[in-house]
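What follows is a single structure, written as structure tokens, with notes after it.
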Amino acid sequence: MQNVTEAIEEVNLIKKVIDRTQNDFSRIANFFISIGMINTVTCLLYVTLFQIIKRMDHVEYAVWMLFRGLNYISVLGYVVLFIIYRHKLKNRNNALSLSMINIWGTLLIGGEVFRIFFSAVNFGKQDVYFYQKTLTFLFPLIGCLVLGFVIQDKLIQRAAFLIVVLYMLLSGMGIEIKVGSILGNNVNVGIDSILTGIIVSAGMILLGIHLKRKGER
């Protein structure tokens, strides 16, 4: 009878630990939603400014630099969010979520730093484009896989693997879509890059919503 009582207590303890893990990770759900919103706003700014530039007979240097400088919005946003959420979780002694924030902060900010680095060094344009789009896609997917394995969420794991396979197929096909022209030069966007944009914006928001619901169960 004593052994049965101890076993029940151990099961209850394990259940509490599992519940606490879910609640811990649900607390960083807003971090992922905020990341997705930042990338969504950045994409909208790109589209809006591109439409303005398209209608210009002569693109001013300041306008062009503003268009290219939109890259840094996501970097700044990642840094601000990382600092805010890391500070909040540190005050709550939330070790599990704090570890995940550190991992995601390193991947997101590190990916952007590497992307900027490759655009600054003297590589060929094709090499720069390849490294930039690959890092933008790869780092968030690594974070999703790590998150999925740590919290043992099969939905996140399967979704990440499926997206990786889909990206490889689209990248191998090399399909590009014409989005417009600037001063007579066509501007084409690869369909794999469009997938990346969807993943780092809508995908992050959906991930945050999924974690919120998981923690509420």
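The values are calculated or read from the model by the stated rules, or taken from the named source; none is laboratory data. All figures in this text were calculated on a predicted structure; none of them were measured in a lab. Heads up, the Cβs are rebuilt from the backbone with ideal geometry, glycines too, and the neighbour counts pull from every protein chain shown.
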Among the candidates TYR61, TYR85, TYR46, TYR72, residue that is of a type outside the set (A, V, I, L, M, F, W, C) and exposed (fewer than 12 other Cβ atoms within 10 Å of the Cβ): TYR61
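Name the helices (runs of 4 or more DSSP H) wholly inside the range 101-217 in which the number of residues that are at pLDDT below 80, within 27 Å of GLY69 (Cβ to Cβ) and among the aromatic types (Phe, Trp, Tyr) is 1 or more.
125-150
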Answer yes or no as to whether ARG92 is more than 30 Å from ARG213 (Cβ to Cβ) and at pLDDT below 85. no
Flag if MET56 is part of a helix (DSSP H, G or I) and either touching a helix residue (DSSP H, G or I) at 6+ places or on another chain (Cβ under 7 Å) or not hydroxyl-bearing (Ser, Thr, Tyr) (or both): no
Mind checking which pairs have a first residue in the range 27-42 that is closer than 14 Å to GLY197 by Cβ and a second that is not in a helix (DSSP H, G or I), Cβ under 9 Å, 6 or more apart or different chains? THR42/LEU70
Can you pull out every residue in the range 51-78 that is more than 30 Å from PHE139 (Cβ to Cβ) and of a type outside the set (Val, Ile, Thr)? LYS54, ARG55, MET56, ASP57, HIS58, GLU60, TYR61, ALA62
